[in-house]
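Bear in mind these aren't lab numbers, they're just calculated from the coordinates by the rules spelled out. On a predicted model such as this, the values are computed, not experimentally measured, just so you know. Every residue, glycine among them, receives a Cβ derived from its backbone with ideal geometry; neighbour counts consider all protein chains shown.
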Amino acid sequence: MKLSILIPAYNEEKTIEQIINKVQNVNLGKIKKELIVINDASKDKTKEIIQKLMKKYKNILLLNHNINQGKGAAIRTGLKNFDGDVLVIQDGDLEYNPEDFKRLIKPILDNKTKVVYGSRVLGKIRGFQILHHYIGNLGLSALTSIIYLRKISDMETGYKMMTKEVIKNINLKSKRFDFEPEITAKIIKKGYKIIEIPITYNSRSFKSGKKITVKDGFIAFYYLLKYRFFD
């Protein structure tokens, strides 16, 4: 079995080497790892750092955008090129801990589900540095639960793991941070069961590179409603 890890990256020179090393160091036993890094036209040294790491690790594929297109577009580029049986998305910063892959993939290996979300709010609340991000996420997750009739505690989580079958059965259109509500809406509408697993989380501040704003929250709200009734 192979796990494909998609890493969209934009101006992540401070963290990209650390996160790739962390991903490479996760021991998944017999499961092979494939890293697909999508450089979304970074203006810093992100691309050069990845190219250096490719000499050390032979399982990295680097894809480059000539112009910045957004997280959703970067992920869609990665989806055209992955070869694994299971897919997970890993942000290029250090907010999420790749060691959680071990627990996220277990329900899939046990044939309990084909989709697993890493929840940042199940159990002990951890890692949110920006209060309105935490409150906004709770609101969007509650809206998802209400209008899609499916309990979701963390719709906006960056850790979404699923089988190849699921992702190939979904037509994604989003280009930016509307990716999260779109993929969640379409997974639910296709009838797939989502299991949520508590994860560790250490959010960064705007000063350290956080890119999501209040505006993105309103955009997510709009797309949750849109995809409830339209494809």
Checking the table 32/80; 52/106; 114/189; 168/193; 55/175 against a 26 Å threshold on Cα-Cα, which pairs fail? 52/106; 55/175
For the chain, give the magnitude of the charge dipole about the Cα centre (Cβ charges: +1 Lys/Arg, -1 Asp/Glu; no others), in debye to the nearest 20. 320 debye
Step through the residues of the range 77-86 one at a time and calculate ³J(HN,Hα) from phi using the Karplus curve (6.51 cos²θ - 1.76 cosθ + 1.60, θ = phi - 60°), rounding each to whole Hz and writing x for Gly and Pro. 4, x, 5, 7, 10, 7, 10, x, 7, 10
Just from its helices, what would the mean residue ellipticity at 222 nm be for the chain, if runs of 4 or more DSSP H residues each count -39500 (n - 2.57) and the sum is divided by every residue, rounded to the nearest 500 deg cm²/dmol? -11500 deg cm²/dmol
Each residue of the range 59-64 in order: what ³J(HN,Hα) in whole Hz does its phi give by Karplus 6.51 cos²θ - 1.76 cosθ + 1.60, θ = phi - 60°, with x for Gly and Pro? 9, 9, 10, 9, 10, 10
Under 5 Å from the placed amide H of residue 41, counting only residues 5+ away or on other chains, we find 65
Given the chain, report the % of alpha carbon pairs whose separation exceeds 24 Å. 40 percent
Partner aspartates and glutamates for residue 14 [C-alpha distance under 15 Å; skip if fewer than 8 residues away on the same chain]: 44, 48, 91, 93, 95
Hey, what's the per residue convex hull volume over the C-alpha atoms of the range 1-93, in cubic angstrom? 82 Å³
Explain nothing, just the number: relative contact order of the chain, from Cα pairs under 8 Å at least 6 residues apart, as a whole percent. 23 percent
May I ask what percent, to the nearest 5, of DSSP beta bridges between residues of the chain are antiparallel? 25 percent
Counting only residues 5 or more apart in sequence or on a different chain, those whose built amide H sits under 5 Å from that of residue 34 are 3, 4, 5
Going Cα to Cα from residue 151, which aspartates and glutamates come in below 13 Å? Please leave out same-chain ones fewer than 8 positions away. 196
Treating the beta-carbon of each Lys and Arg as +1 and of each Asp and Glu as -1, no other charges, what is the dipole magnitude of the range 1-93 about its Cα centre, to the nearest 20 debye? 320 debye
Evaluate 2.2 N^0.38 Å with N set to the residue count of the range 146-197, then give the Cα radius of gyration divided by it. 1.08
Taking 86-98, 170-182 and ranking on average Cβ neighbours within 10 Å, highest first, one gets 86-98, 170-182
